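Report on the following structure.
The values are calculated or read from the model by the stated rules, or taken from the named source; none is laboratory data. Quick caveat, the model's predicted, so the values are computed rather than measured. Counting neighbours? That spans all protein chains shown, and the Cβs are built from the backbone with ideal geometry, glycine included.
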Amino acid sequence: MLILLLTDPAIFEEYKREVPATEFRYGGKYLGRGGLTKVLEGDWEPHRLVIVEFPSIDSLMAWYESPEYARLKAIRQKCATTRIVALEGIAP
């Protein structure tokens, strides 16, 4: 899960436009991207949440450490304060 607080939405547009193709190459698929968020408990007010499913932690890390994502990661780091969390899923 990626939690974003945008500091420069104009720069973020490039990241948002280009990152999906890099995730798809590693088996990533969006489960949630932007859209309405509703806090049910607590005082946290997320600006933007993104949830991407990968086939495994290994494929997630291969994407995250890939050369094609490195350029986009640098863009994201310029235009947003982020928190990224990986959670291993439950086998079917």
Subject >> Top-ranked residue in segment 4-20 [being aliphatic (A, V, I, L, M) and within 18 Å of Ile51 (Cβ to Cβ); ranked as surrounded by the fewest Cβ atoms within 10 Å (Cβ to Cβ)] >> reply: Leu5
Original post:
Pairs under 6 Å by beta carbon, first residue of a type in the set (Lys, Arg) in segment 47-58, partner in a strand (DSSP E or B) and surrounded by 18 or more Cβ atoms within 10 Å (Cβ to Cβ), six or more apart or different chains?
Top reply: Arg48/Leu4
Original post:
Failed condition for Lys73, given (1) touching a residue at least 12 places away in the same chain (Cβ under 8 Å); (2) over 18 Å from Leu31 (Cα atoms); (3) surrounded by 13 or more Cβ atoms within 10 Å (Cβ to Cβ), with all others met?
Top reply: (1)
Original post:
List the pairs whose first member sits in segment 14-29 and is farther than 12 Å from Ala70 by Cα and aromatic (Phe, Trp, Tyr), whose second member is assigned to a helix (DSSP H, G or I) and at pLDDT 95 or above, and whose Cβ atoms are under 9 Å apart, counting only residues at least 6 apart or on separate chains?
Top reply: Tyr26/Ser59; Tyr26/Leu60; Tyr26/Ala62; Tyr26/Trp63; Tyr26/Tyr64; Tyr26/Tyr69
**OP:** Would you point out the residue of segment 35-63, among those that are in a loop (DSSP other than H, G, I, E, B) and small (Gly, Ala, Ser), that is surrounded by the fewest Cβ atoms within 10 Å (Cβ to Cβ)?
**Re:** Gly42
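Return yes when Ala86 is assigned to a loop (DSSP other than H, G, I, E, B) and under 12 Å from the mean Cα position of the chain (by Cα) and no when it is not.
Against the criterion (assigned to a loop (DSSP other than H, G, I, E, B) and under 12 Å from the mean Cα position of the chain (by Cα)), Ala86 qualifies.
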